[in-house]
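Notes to accompany the following structure.
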């Protein structure tokens, strides 16, 4: 299995600005691990969507996997309380 390319929605950078620096550092390490293995132990497929979730402390990383292109797209990073809510 080759290394996956990482892509981010523009809103991910804005999401990360609100977190403490030590948490951002741990989340960035998770991004590096996703490039090597997009389905690591502990990841879960979200029901009703083609997205996956990875836990990092109280934060959740929501991402999509495009196996045909070897690409991982990070869609959202947020606190576990509100990361799954859709904006209306």
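The values are calculated or read from the model by the stated rules, or taken from the named source; none is laboratory data. On a predicted model such as this, the values are computed, not experimentally measured, just so you know. Positions of Cβ are generated from backbone atoms using ideal geometry, with glycine treated the same way; all protein chains shown enter the neighbour counts.
If a residue must be surrounded by 14 or more Cβ atoms within 10 Å (Cβ to Cβ) and either within 18 Å of residue 36 (Cβ to Cβ) or out of contact with any strand residue (DSSP E or B) (no Cβ under 6 Å at 6 or more places or on another chain) (or both), how many such residues does the stretch 60-73 contain? Give the derivation first.
Step one: filter the stretch 60-73 for residues surrounded by 14 or more Cβ atoms within 10 Å (Cβ to Cβ), giving 60-66, 70-73.
Narrowing further to those that are either within 18 Å of residue 36 (Cβ to Cβ) or out of contact with any strand residue (DSSP E or B) (no Cβ under 6 Å at 6 or more places or on another chain) (or both): 61, 63-66, 70-73.
Number satisfying all stated conditions: 9.
Across the stretch 1-23, what is the total count of residues that are within 25 Å of residue 70 (Cα to Cα) and either in contact with a strand residue (DSSP E or B) (Cβ under 8 Å, 6 or more places away or on another chain) or modelled with pLDDT of 95 or more (or both)?
Number satisfying all stated conditions: 10.
Here's the yes/no breakdown for (1) without any contact (Cβ under 8 Å) to a residue 60 or more places away in the chain; (2) assigned to a helix (DSSP H, G or I):
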{"residue": "11", "(1), (2)": "no, yes"}
{"residue": "31", "(1), (2)": "yes, yes"}
{"residue": "41", "(1), (2)": "yes, no"}
{"residue": "54", "(1), (2)": "yes, no"}
{"residue": "74", "(1), (2)": "no, no"}
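Looking at the stretch 51-88 only, could you name the residues that are more than 13 Å from the chain's Cα centre (by Cα) and over 18 Å from residue 19 (Cα atoms)?
66, 67, 68, 69, 70, 85, 86, 87, 88, listed by residue number.
So which of 59, 84 ends up being touching a helix residue (DSSP H, G or I) at 6+ places or on another chain (Cβ under 8 Å), over 17 Å from residue 2 (Cβ atoms) and modelled with pLDDT under 95?
On the way: 84 fails: touching a helix residue (DSSP H, G or I) at 6+ places or on another chain (Cβ under 8 Å).
Result: 59 is the single residue among 59, 84 that is touching a helix residue (DSSP H, G or I) at 6+ places or on another chain (Cβ under 8 Å), over 17 Å from residue 2 (Cβ atoms) and modelled with pLDDT under 95.
Please give the number of the condition residue 6 fails out of (1) surrounded by 17 or more Cβ atoms within 10 Å (Cβ to Cβ); (2) farther than 17 Å from residue 83 by Cβ; (3) touching a residue at least 40 places away in the same chain (Cβ under 8 Å).
So the condition that residue 6 fails would be (1).
Hey, can you tell me all the residues within the stretch 13-29 that are over 18 Å from residue 51 (Cα atoms), part of a helix (DSSP H, G or I) and free of Cβ contacts under 8 Å to residues at least 60 places away in the same chain?
Listed by number, the residues that qualify are 13, 14, 17, 21, 22, 23, 24, 25, 26, 28, 29.
In the stretch 27-39, which residue that is within 12 Å of the chain's Cα centre (by Cα) and over 17 Å from residue 11 (Cα atoms) is surrounded by the fewest Cβ atoms within 10 Å (Cβ to Cβ)? Give the steps one after another, and end with the answer.
Filtering the stretch 27-39 for residues within 12 Å of the chain's Cα centre (by Cα) gives 27-35, 38-39.
Subset that is over 17 Å from residue 11 (Cα atoms): 29-30, 32-35, 38-39.
Numbers: 29: 11, 30: 17, 32: 9, 33: 11, 34: 21, 35: 15, 38: 21, 39: 14.
Ranking the candidates gives 32 first.
Those residues that are surrounded by fewer than 13 Cβ atoms within 10 Å (Cβ to Cβ) and either within 18 Å of residue 80 (Cβ to Cβ) or touching a helix residue (DSSP H, G or I) at 6+ places or on another chain (Cβ under 9 Å) (or both), I need them from the stretch 15-25; list them, please.
Going residue by residue through the stretch 15-25, those that are surrounded by fewer than 13 Cβ atoms within 10 Å (Cβ to Cβ) are 17-18, 20-22, 25.
Those that are surrounded by fewer than 13 Cβ atoms within 10 Å (Cβ to Cβ) and either within 18 Å of residue 80 (Cβ to Cβ) or touching a helix residue (DSSP H, G or I) at 6+ places or on another chain (Cβ under 9 Å) (or both): 17, 18, 20, 22.
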